[in-house]
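Remarks on the structure that follows.
The values are calculated or read from the model by the stated rules, or taken from the named source; none is laboratory data. Treat the numbers as computed from the prediction; the structure is a model and nothing was measured. Neighbour counts run over all protein chains shown; Cβ positions are idealised from the backbone, glycine included.
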């Protein structure tokens, strides 16, 4: 939300300060996996439990985990990653509702501007794990896919967890968007759909090992 009373020049400085602060705090974490999903799903939800499980597997494999820092799936991601030797990171955002920082962040940053926060999500990402969610989750999903499609970032796995949840969207993309020529068939390969944390981990870890090999070469 913009502060209408703030002069434009000062707003630019505030944006710059968020960029500098975020880059400075995250510069040493290396490659990380972002976990996205609804802020409204509670600990008794199977998707919450799968997100927690995936985050634990990632952290145990030495991969930092980044979430949006709030409740629901974000909390599950931070909770699963915490205490396993790699950072559990939350990139929080100032919102009028729903965004209450969870208690499982070992590194917690706060942003006022969505686009700065989204830049930070992408900057260190070697994978996106997308759990069931609403508008914000869909935003992150399609932004990642668009950046990969347009070759603005190096490709990485975009893994959607929960086949039954995502099937309607995937069917619409294939039967309407693809069928009417708005995307190419190859674009359907920009994301993968799985049903478990273990399946997601296999895809992500395979890419992580390839990424490490390239970095060491």
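From the list 216, 151, 175, exactly one residue is farther than 27 Å from residue 80 by Cα and modelled with pLDDT under 95. Which is it? Walk me through it before giving the result.
Values: 151 fails: modelled with pLDDT under 95; 175 fails: modelled with pLDDT under 95.
Result: 216 is the single residue among 216, 151, 175 that is farther than 27 Å from residue 80 by Cα and modelled with pLDDT under 95.
How about the stretch 44-74: which of its residues are over 20 Å from residue 198 (Cβ atoms) and touching a helix residue (DSSP H, G or I) at 6+ places or on another chain (Cβ under 8 Å)?
Listed by number, the residues that qualify are 66, 68, 69, 72.
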